[in-house]
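Student: Before anything else, here's the structure in question.
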Amino acid sequence: MPQEQYAHRSTMQTSEGPQVYKVGIYGWRKRCLYFFVLLLMILILVNLAMTIWILKVMNFTIDGMGNLRITEKGLKLEGDSEFLKPLYAKEIRSRPGNPLYFQSARNVTVNILNEKTKVLTRLVTGPQAVEAHSQKFEVKTLSGKLLFSADDNEVVVGAERLRVLGAEGTVFPKSIETPNVRADPFKELRLESPTRALVMEAPKGIEINAEAGSLKATCRTELRLESKDGEKMLNSAKIKLPNLPQGSSSSAGSRQKIYELCVCPNGRLFLSQAGTSSTCQINTSVCL
């Protein structure tokens, strides 16, 4: 710049005096700023009051929140608790001396999963039934003795006595294998097949014993006692056959179908054609 012009500008600034520039917010902008600051302070106070109210209502403390307490052993819940989503825990137990309740509007399901989240065992308690899904179901005593076991192959009852209290008894649609069938004291024992036959089989023999009463066998058509490789023994003080038909004398040409059962001195039995009197003496030659 030429020296003359610089000197002229300096002379003009000196003659006019120093200029002052105002810095800040004035007018309606200033009033809006104060309004927003006041509104922000009100929101902060309301937020603080709501936070204090929530902490008071939810009972927040250093040890936990509400009925939930944080202890060295885990979480402790006092009173009723409701879980809206799945609960994962290593152990769930009640306080010493108090029971543990699981309550649901529909059912309670307990699942045992493997590493691949596949269900291995499931226990479902519903309004209609209690279902257990597993490969094997066992019930044991505190000492470890097996009381009941069930799997795909068999059902085992390990108790010393199996009692059936139903008025209609027990129905077995197929075979049953047991070493002893006994009724309660002073109660009768009845083995019944209403529409089919009743078969009892045993490789070492079958014993039917009535120590304090009588033994009665009744059938509609035939009662057959058969021994293939042994003998039939009737051991009693008296043997009565009250309803046997009686024979009558007839001519030699007509043979009647009524026989007399005779016993030899050596124990041999034989049949003799019945007559008006005993005919065993006539056929004593059979005993020789």
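Student: Step by step: find N for the stretch 23-81, compute 2.2 N^0.38 Å, then divide the Cα radius of gyration by it. What's the final number?
Tutor: Working: Rg = 21.5 Å, N = 59, 2.2 N^0.38 = 10.4 Å.
The reported ratio for this selection is 2.07.
Student: For the stretch 23-81, what does the accessible surface come to per residue with a 1.4 Å probe? Please give it in Å². Please list the in-between numbers first.
Tutor: Numbers: 5600 Å² over 59 residues.
Dividing the accessible area of the stretch 23-81 by its residue count gives 95 Å².
Student: Using protein chains only and a probe of 1.4 angstrom, how many square angstrom of residue 109 are accessible, to the nearest 10?
Tutor: Spelled out: residue 109, probe radius 1.4 Å, area about 70 Å².
Student: Please flag any cysteine in the chain that has no other cysteine's Cβ under 4.7 angstrom from its own Cβ.
Tutor: 32, 219
Student: When only C-alpha pairs under 8 Å and at least 6 residues apart count, what is the relative contact order of the chain, in percent? Write out the running numbers ahead of the final one.
Tutor: Working: 170 pairs, mean separation 11.9, N = 288.
About 4 percent, as a whole number.
Student: Which value, in debye to the nearest 20, gives the size of the charge dipole of the chain about its Cα centre, when Lys and Arg are +1 and Asp and Glu are -1 at the Cβ?
Tutor: Details: 38 positive and 28 negative charges, 111 e Å.
So the magnitude is around 540 debye.
Student: Need the full-extension length gain, residue 218 to residue 83, defined as separation in residues times 0.36 nm minus the C-alpha distance. One decimal, nm.
Tutor: Going from the current span to full extension adds 42.0 nm.
Student: Return one number: the angle in degrees, 0 to 90 and rounded to the nearest 10, between the long axis of the Cα atoms of helix 3-16 and the longest principal axis of the Cα atoms of the chain.
Tutor: Here the helix axis deviates by roughly 80 degrees.
Student: With a point put 7 Å past each Cα toward its Cβ, work out how far residue 288 is from residue 238 in nm, to one decimal.
Tutor: Between residue 288 and residue 238, the label points sit 3.7 nm apart.
Student: Relative contact order for the stretch 139-243: what percent, with Cα pairs under 8 Å and sequence separation of 6 or more? Each step should come with its number before you reach the end.
Tutor: Details: 33 pairs, mean separation 8.4, N = 105.
Relative contact order here is 8 percent.
Student: Another one. One-quarter of the Cα convex hull surface for the chain, in nm²?
Tutor: Working: hull surface 184.6 nm².
Orientation-averaged projected area of the Cα hull: 46.2 nm².
Student: For the stretch 163-179, list residues with backbone N below 16 Å from a point placed 7 Å from the Cα of residue 148 toward its Cβ?
Tutor: Residues passing the 16 Å test: 163-166, 170-171.
The values are calculated or read from the model by the stated rules, or taken from the named source; none is laboratory data. The shown structure was predicted, so the numbers you read here are calculated from the model rather than taken from an experiment. Neighbour counts run over all protein chains shown; Cβ positions are idealised from the backbone, glycine included. Heavy atoms of the whole protein, side chains included, go into the accessibility calculation; ligands, DNA and RNA do not. Shrake-Rupley method; radii C 1.70, N 1.55, O 1.52, S 1.80 Å.
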